1. Mind checking which lysines have their Cα closer than 23 Å to the Cα of K32? Skip sequence neighbours fewer than 8 apart in that chain.
2. ³J(HN,Hα) across segment 66-83 via Karplus (A = 6.51, B = -1.76, C = 1.60, θ = phi - 60°), whole Hz, x for Gly/Pro?
Amino acid sequence: MNNHNTRLEAFVIGSNYKELNRNEILKCFETKDWDSSERAGTYFNKTELLETIEEICDGNIEIPWKSGDRDIVREDGMLATIRVERNRFLFLVWHDRFPK
């Protein structure tokens, strides 16, 4: 991640036509495993988009860590989590790494 956008909170892409290829997508990023000393295990969504589209977060504003989620760190230390599911891509930015 080399962009310095500090406002992005979440980015979601859904596909009803073609199954997403997780390996191909993750090849585009330098990712790492979740480290519990770097962030919490649950992302608390604060964006209106994810709160209003039930199918994106199953009606819940808490998005728990899932096996296969990958983290990326930008040059300035900003951390994001990537989740690639069969028909959905989530990019979640951790502005608060340990929310209460």
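1. The qualifying lysines are K66.
2. These are the phi-based 3J(HN,Hα) values: 10, 3, x, 4, 10, 9, 9, 10, 7, 3, 8, x, 5, 10, 9, 10, 10, 10 Hz.
No lab work stands behind these numbers, since they all come straight from the coordinates. All values derive from a computational prediction rather than experimental measurement.
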